[in-house]
Amino acid sequence: MMAISSAAQTIYDVTSFGAKGDGKTDDAQAIQRAIDQCSAEGGGRVLFPRNHTFISGPVELKSNVEFHLEATATWKANPDEQIYTLSAFGENRGEGMMWLYADNAENISITGKGTIHGNGIAFMGAELSDSYELKPLADPSFDPRPHVLTLKGVKNLTIRDVTIKEGAYWTVHLIGCDEAVIDGINLLNNLKIRNGDGLDIDHSKNVRIANCHITSGDDCICLKNRREFEQYGSCHDIVVTNCTMSSRSCAIKIGSENMDSIYNVVFDNCIITKSNRGLGIQNRDEGTVTDVVFSNIQLDCQLWSDVWWGKAEPIYVTSYPRANGNHKDANWRFPKGQIEGKCGEVSRIRFTNIFANSENGCFIGGDVEGKVDKISFDNVRVRLVGPRVDKYVFDKRPCKDDGFIVVSAKELESANFPIVTENADFTQD
């Protein structure tokens, strides 16, 4: 076990700690030794050298460590489900385990032109075949699929330049993080993998996401406040810019899990292609969403499958009480501690310079008048494409009552640009 000092920093090459990098051996223990020594000695660079594939089970990331993957280095999840025993959500074991994780650490960086590979296909089996219909787990209280990166309570985080791909569940989950930069990464998930979120920003603040390319079966970028982590407070001061995205669910989503407040958020200068829904605010809990700007965005939406929420709505702004656990359209992840019948305010949301080609119109809705208000549109253009239909269907799930609203083609197409409203206040510039 040897570290090499340079003028810039100390380098801890994982192969010097016993990692084989042969694509067969589980190198988790060797990688963990390198991390532990690096952090204990005050920090430095844990190096994954080129031309190696490092298979590993769960690994804990620690403070003051830069994880650097050279261009042809791959860090890949061990496909053995039995070795993933730490839940990504505390006592809730029904939504996946952890692979690479950190807890209350600081000064963590993940850099380089190499690849972090979640090995997602290995955990899915027949679900990825074209003829397979998604079915609930045999035991919904436990899902062994590992998330890729679960970073909880991390201060001063950087993820830059790497490729992160083939997640089996959520890919990058920031929980209660402060001062995070995600810049220039390629996040490339299989579009058929359920729950394959790209970036989940959860109870976090001061987050900057830029220059990323994201493809995901589920949401590309999602802001939320999950109930398991309420001690971290609100999610705020988030900027996303210069990104390209494609999703089979919602490319940019705020919600649906939100038990606190989400505010001071900007999405700017992005391109969204081939997505089931474009820009979505899906408030279903008692939390609030306020002061959000979507600007300078080009997008196209098309309906892919009824498996996913959404009916190709390019813009979707809603607040409805979440369905209870017995409702036919309930989210199977119905959160413990949910306040039944409560959903918070969504207001001061601005859309500027949005250009969309879509098979459906926009939808703005709330359970009571005024719950969704001060929604403004400035230079928003929606072009309806695809086959001519007699009626359009909008998706309100997961909600307490009827999950869909149907609007005639005549009503939708008579608008200056296609917006359907239900118990909502909005302005159109």
Residues of the stretch 296-341 classified as within 19 Å of the chain's Cα centre (by Cα) and at pLDDT below 60, total: 5
So ASP218, is it more than 27 Å from ARG50 (Cα to Cα), modelled with pLDDT under 95 and open to solvent by 10 Å² or more (accessible area, probe 1.4 Å): yes
Filter pass, VAL181 being open to solvent by 20 Å² or more (accessible area, probe 1.4 Å) and either part of a strand (DSSP E or B) or free of Cβ contacts under 8 Å to residues at least 60 places away in the same chain (or both): yes
Test: residue in the stretch 77-84 that is more than 20 Å from the chain's Cα centre (by Cα), at pLDDT 95 or above, among the hydroxyl-bearing types (Ser, Thr, Tyr) and open to solvent by less than 10 Å² (accessible area, probe 1.4 Å): yes
Residue within the stretch 27-42 that is assigned to a strand (DSSP E or B) and either at positive phi or open to solvent by 10 Å² or more (accessible area, probe 1.4 Å) (or both) present: no
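With the structure loaded, tell me whether LEU61 is open to solvent by less than 10 Å² (accessible area, probe 1.4 Å), touching a residue at least 24 places away in the same chain (Cβ under 8 Å), closer than 25 Å to ARG160 by Cβ and under 21 Å from the mean Cα position of the chain (by Cα) or whether it fails that test.
Details: open to solvent by less than 10 Å² (accessible area, probe 1.4 Å): yes; touching a residue at least 24 places away in the same chain (Cβ under 8 Å): yes; closer than 25 Å to ARG160 by Cβ: yes; under 21 Å from the mean Cα position of the chain (by Cα): yes.
Criteria met by LEU61.
Okay, residues lined up against (1) open to solvent by 10 Å² or more (accessible area, probe 1.4 Å); (2) outside any strand (DSSP E or B):
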position	(1), (2)
LYS192	yes, yes
GLY196	no, yes
VAL207	no, no
GLU230	yes, yes
ILE238	no, no
MET245	no, no
GLY255	no, no
ILE262	no, no
CYS270	no, no
Evaluation of TYR392 against (1) in contact with a Leu (Cβ under 7 Å, 6 or more places away or on another chain); (2) of a type outside the set (A, V, I, L, M); (3) surrounded by fewer than 18 Cβ atoms within 10 Å (Cβ to Cβ) (one fails), failing number: (3)
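ASN225: modelled with pLDDT of 95 or more, open to solvent by 30 Å² or more (accessible area, probe 1.4 Å) and of a type outside the set (Val, Ile, Thr), yes or no? Show your work before the answer.
Values: modelled with pLDDT of 95 or more: yes; open to solvent by 30 Å² or more (accessible area, probe 1.4 Å): no; of a type outside the set (Val, Ile, Thr): yes.
Here the answer is no, as ASN225 does not meet what is asked.
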Flag if LEU187 is crowded, with 24+ Cβ neighbours inside 10 Å and either within 21 Å of ILE271 (Cβ to Cβ) or at pLDDT below 95 (or both): yes
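Assigned to a loop (DSSP other than H, G, I, E, B), at pLDDT 95 or above and either under 29 Å from SER63 (Cβ atoms) or within 19 Å of the chain's Cα centre (by Cα) (or both): does that describe ALA168?
Working: assigned to a loop (DSSP other than H, G, I, E, B): yes; at pLDDT 95 or above: yes; either under 29 Å from SER63 (Cβ atoms) or within 19 Å of the chain's Cα centre (by Cα) (or both): yes.
Answer is yes for this residue.
From the list ASN357, ASN379, exactly one residue is closer than 24 Å to SER408 by Cβ, at pLDDT 95 or above and not hydrophobic (A, V, I, L, M, F, W, C). Which is it? Full working, then the answer.
Numbers: ASN379 fails: closer than 24 Å to SER408 by Cβ.
ASN357 is the lone residue from the list that is closer than 24 Å to SER408 by Cβ, at pLDDT 95 or above and not hydrophobic (A, V, I, L, M, F, W, C).
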Every pair of residues 6+ apart whose Cβ atoms lie under 7 Å, when the first sits in the stretch 371-398 and is more than 18 Å from THR352 (Cβ to Cβ) while the second is among the aromatic types (Phe, Trp, Tyr) and open to solvent by 40 Å² or more (accessible area, probe 1.4 Å): VAL393/PHE404; PHE394/PHE404; ASP395/TRP309; ASP395/PHE404; LYS396/PHE404; ARG397/TRP309
Which listed residue is surrounded by 14 or more Cβ atoms within 10 Å (Cβ to Cβ), among the acidic types (Asp, Glu) and touching a Cys at 6+ places or on another chain (Cβ under 8 Å), from GLU345, GLU359: GLU359
Odd one out for GLY94 among (1) surrounded by fewer than 21 Cβ atoms within 10 Å (Cβ to Cβ); (2) over 19 Å from the mean Cα position of the chain (by Cα); (3) closer than 27 Å to HIS203 by Cα: (2)
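The values are calculated or read from the model by the stated rules, or taken from the named source; none is laboratory data. This one's a predicted model, so the numbers in the text were calculated from it and none came from an experiment. Here the Cβ is made from the backbone with ideal geometry for all residues, glycine too, and neighbour counts use every protein chain on show. Side chains included, ligands, DNA and RNA excluded: accessible areas come from the protein's heavy atoms. Shrake-Rupley method; radii C 1.70, N 1.55, O 1.52, S 1.80 Å.
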